[in-house]
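Just below is one structure, and these are the notes that go with it.
The values are calculated or read from the model by the stated rules, or taken from the named source; none is laboratory data. Remember, predicted model here, so these are calculated numbers, not experimental data. Note: ideal-geometry Cβ built from the backbone for every residue, glycine included; neighbour counts use all protein chains shown. Accessible surface areas use protein heavy atoms only, side chains included; no ligands, DNA or RNA. Shrake-Rupley method; radii C 1.70, N 1.55, O 1.52, S 1.80 Å.
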Amino acid sequence: MTASTTSTARLLIVGPQGSGKGTQGVRIADAYGIPVVSTGDIFRANIKEGTPLGKKVTAILQAGDLVSDELTGALVRDRLSQPDAVDGFLLDGYPRNAAQVAQLEGFLAEIDAALDAVILLDVPREEVFARLKVRAAEQGRADDTDAGIAHRLDIYERETAPILDAYGAKGIVDRIDGVGDLDEITERIFAALEVRGLVRAAAV
Ligand code: AMP
């Protein structure tokens, strides 16, 4: 595939924890030549490094609750203003509720930009629950206890899933079946973005 000079894409990937959005997000971002902006990754990195931010959010992540909109929003605004994100990015894990949708709209309006597409990775709750239990056994993530998983899925269903209505009304949501072979799912996403005229920077 030839390189394109107009491969800018401002994307958001949404799905419950365990839907594979982290894995698919990296693939999509690589193909479009844009950075992944994952709030969960940023928080975890800060916790690992013991930064002041990390210390502030450790207990919140451990409990599976949401970090405040103010703190999260400031972090995202700062990240999106960095040079590598000016022409495009893939957001993973933000926005996660209606207030953050409004925040993001404000940040993007400041740079006269808007999201090009919202990729919804559709995976039934029973399937993500089973996947998260496997991940808990393999990786021992501190927030992957049974109760922790159920709590985060509840928050997703109550606070995050409804943001899709707002984006759906704008006609920018691509609902992708997130069950099946990883490569096939990536192809489904590429196909949907292509329909929107979003051009990849590189073949993967
Ligand atoms: P994730 O890796 O996206 O599942 O995020 C892990 C944890 O980080 C979540 O359970 C929250 O505690 C926190 N977090 C990540 N993104 C956000 C956000 N947009 N707003 C509030 N808290 C967040």
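Looking for something away from the ligand (no atom under 12 Å from the Cβ), touching a helix residue (DSSP H, G or I) at 6+ places or on another chain (Cβ under 7 Å) and not aromatic (Phe, Trp, Tyr) - is there at least one such residue anywhere in region 102-111? For region 102-111, residues away from the ligand (no atom under 12 Å from the Cβ), touching a helix residue (DSSP H, G or I) at 6+ places or on another chain (Cβ under 7 Å) and not aromatic (Phe, Trp, Tyr): absent.
When His151 is tested against (1) of a type outside the set (D, E, K, R); (2) part of a helix (DSSP H, G or I); (3) open to solvent by 30 Å² or more (accessible area, probe 1.4 Å); (4) within 16 Å of Leu12 (Cα to Cα), exactly one condition is not met: (4). Of all residues in region 31-90, those satisfying the criterion of being polar (S, T, N, Q), assigned to a helix (DSSP H, G or I) and closer than 17 Å to Val14 by Cα are Thr39, Thr72.
Each row is one residue, and each column tells you yes or no for (1) within 22 Å of Ala117 (Cα to Cα); (2) within 17 Å of the chain's Cα centre (by Cα).
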position	(1), (2)
Thr8	yes, no
Gly33	yes, yes
Thr51	no, no
Lys56	no, no
Leu61	no, yes
Glu70	no, no
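A single entry from Asp122, Asp154, Asp144 fulfils the requirement of being without any contact (Cβ under 8 Å) to a residue 40 or more places away in the chain, out of contact with any helix residue (DSSP H, G or I) (no Cβ under 9 Å at 6 or more places or on another chain) and either farther than 21 Å from Glu70 by Cα or among the aromatic types (Phe, Trp, Tyr) (or both): Asp154.
Of all residues assigned to region 190-202, at least one qualifies as being surrounded by fewer than 17 Cβ atoms within 10 Å (Cβ to Cβ), of a type outside the set (Asp, Glu), without any contact (Cβ under 8 Å) to a residue 12 or more places away in the chain and outside any helix (DSSP H, G or I).
Scanning region 123-143 for residues that are open to solvent by 60 Å² or more (accessible area, probe 1.4 Å) and touching an Asp or Glu at 6+ places or on another chain (Cβ under 9 Å) yields Arg125, Lys133, Ala137.
No other residue among Ile185, Ile172 is closer than 24 Å to Glu105 by Cα and open to solvent by less than 60 Å² (accessible area, probe 1.4 Å) apart from Ile172.
Do we find that Ala166 is modelled with pLDDT under 95, open to solvent by 60 Å² or more (accessible area, probe 1.4 Å) and out of contact with any Phe, Trp or Tyr (no Cβ under 9 Å at 6 or more places or on another chain) in this structure? So Ala166 fails the test. Close contacts from region 59-72, counting a first residue that is closer than 15 Å to Arg152 by Cβ and a second that is within 6 Å of the ligand (Cβ to nearest atom) and of a type in the set (Lys, Arg), with Cβ to Cβ under 8 Å and a gap of 6+ residues or different chains, come to Gly64/Arg152; Leu66/Arg96.
Within region 79-101, the set of residues being hydroxyl-bearing (Ser, Thr, Tyr) and within 15 Å of the ligand (Cβ to nearest atom) comprises Tyr94 only. Applying a threshold of 9 Å to beta carbon distances and a minimum spacing of six or more residues, or different chains, the list of pairs starting in region 97-110 at a residue that is surrounded by fewer than 14 Cβ atoms within 10 Å (Cβ to Cβ) and ending at one that is of a type outside the set (A, V, I, L, M, F, W, C) and at pLDDT below 95 reads Glu110/Ser81. Leu115 meets each of the listed conditions (1) more than 9 Å from the ligand (Cβ to nearest atom); (2) open to solvent by less than 50 Å² (accessible area, probe 1.4 Å); (3) part of a helix (DSSP H, G or I) apart from (3).
Considering each residue of region 48-56 in turn, at least one proves to be open to solvent by less than 50 Å² (accessible area, probe 1.4 Å), more than 8 Å from the ligand (Cβ to nearest atom) and not small (Gly, Ala, Ser).
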